[in-house]
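The values are calculated or read from the model by the stated rules, or taken from the named source; none is laboratory data. Only a predicted model underlies this, so the values are computations on that prediction, with no experimental measurement involved. Heads up, the Cβs are rebuilt from the backbone with ideal geometry, glycines too, and the neighbour counts pull from every protein chain shown. Surface accessibility is based on the protein's heavy atoms, side chains included, excluding ligands, DNA and RNA. Shrake-Rupley method; radii C 1.70, N 1.55, O 1.52, S 1.80 Å.
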Amino acid sequence: MIKSFKDLLSKLTKETSEARKIVLAGAEDIEALKALKYAYQQGICNFVLVGQKSSIVNNLKTLELSPEDFEIIDSTDEADCAEKSVKAVNSENATMLMKGLIKTSTLLKAVLNENWGLRTGKLLSHVAVLESPAIDRLILLSDGGMIIKPTLEQKVAIIENAVHVARKMGIDLPKVACIAAVEVVNPSMPETVEAAILSKMNQRGQIKDCLVDGPLGLDNALDTNAAKVKKVSGEVAGRADILIVPDIHSGNFLGKSIVYMAGGNIAGIVVGAKVPIVIVSRADSFENKFNSIILGLIAG
């Protein structure tokens, strides 16, 4: 079982015979470069840098890296940077795309370009991985970053994307908990009804390669004792690997609470495109930026 980001890095290192390539869009972002430098020094990646060349060169020198060792693609503005970054992913056979000093909306517009983008026909959704001192394993969380209020159909795609990441992490049959405020179906709470539908769809083989149950409360999804006390049974109760939340707000709050209230760590990627996309917050710590790079390379 992968219990920590340290375990995840160890898995990546063992599986990687050569450095994987990352394209950094908006490489004027020195904080993103610091995280990439550390990953580069670990021998797990190389990178292509896209942005204003003079600024990138200065940043590399500041970080005591030689500009001659890296491919730098000069761009004129954000739209040009986004286009060249996406095209570089294809031409360089990159494993991952990472957002630097560029608007998320500009980068994703390029990703979804019908002619040269990274579209696959799948829904783009955000998958976070949480490491908490109170839990004995890594927990996946979706979607706290992309889909504001997912429909039932979108929740199916969100589950499929999260399961893909979990299986890449080495969880062969992920246990998926559809989270709500209560663990019983209540017609006045549509989230509970949809959770029950998703569970039945999984039982009938419409959602594959995982075990889905719901509705489940957060406590009885993660803790076997809480599940026992509340008489919630099943293979997922108390043992969930993936938490599917009803909306972006609950996912965002839950992910940040792990960091700011529990002293934990987090990583996040957008999946559903040809390659994972790392979109980090300026407020993310260096460690969590690096964790997101590890996750993106694992999922790629």
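Just a few scattered comments:
- Sequence-distant aspartates and glutamates (8 or more away, or on other chains) whose Cα lies within less than 12 Å of Lys256: Glu131, Asp284
- Think of the chain as a dipole: +1 on every Lys or Arg Cβ, -1 on every Asp or Glu Cβ, centred on the Cα centre; then among Pro190, Phe286, Ser4, Pro190 lies furthest on the positive end.
- Partners for Lys6 among lysines (Cα-Cα distance below 19 Å; same-chain residues under 8 apart left out): Lys14, Lys34, Lys37, Lys168, Lys289
- For the chain: accessible area per residue (Å², 1.4 Å): 46
- With all pairs of separate Cα atoms included, the chain yields a Kirkwood hydrodynamic radius of 19.7 Å.
- Cα gyration tensor, the range 240-300 - rounded (a/c under 1.5), prolate or oblate: oblate
- P(r) of the range 66-138 over all Cα-Cα pairs, binned every 10 Å from zero, in whole percent: 15, 42, 24, 16, 4
- Surface calculation, 1.4 Å probe, protein heavy atoms: Cys210 sits at approximately 10 Å² accessible.
- Sites Ala19 and Ser54, calculated FRET efficiency, Cβ-Cβ separation with R0 22 Å, nearest 0.05: 0.25
- Neighbourhood charge, 12 Å Cβ-Cβ cut-off, centred on Lys11 and excluding it, Lys, Arg +1 and Asp, Glu -1: +2
- Counting charges near Lys149 (Lys, Arg +1; Asp, Glu -1) among other residues having Cβ under 14 Å from its Cβ returns a value of -4.
- Alpha-carbon gyration tensor eigenvalues x 5, square-rooted, for the range 46-98, Å: 19, 14, 8
- Kirkwood Rh, Cα atoms: Rg over Rh of the range 165-300: 0.98
- Between helix 286-299 and the chain there is an angle of about 80 degrees, using the helix long axis and the longest principal axis of the Cα atoms.
- Using the Cβ-Cβ distance between Lys6 and Ala262 with R0 = 25 Å, the FRET efficiency computed as 1/(1 + (r/R0)^6) comes to roughly 0.90.
- Over the chain: helical MRE at 222 nm, DSSP H runs n ≥ 4 each giving -39500 (n - 2.57), nearest 500: -12500 deg cm²/dmol
- Helix 53-62 vs. the chain, principal-axis angle (Cα, 0 to 90°, nearest 10): 80
- Sparsely packed loop sites in the range 42-115 (the GluC sites (Glu not before Pro) outside DSSP H, G, I, E and B with at most 16 other Cβ atoms within 10 Å) comprise Glu64, Glu92, Glu114.
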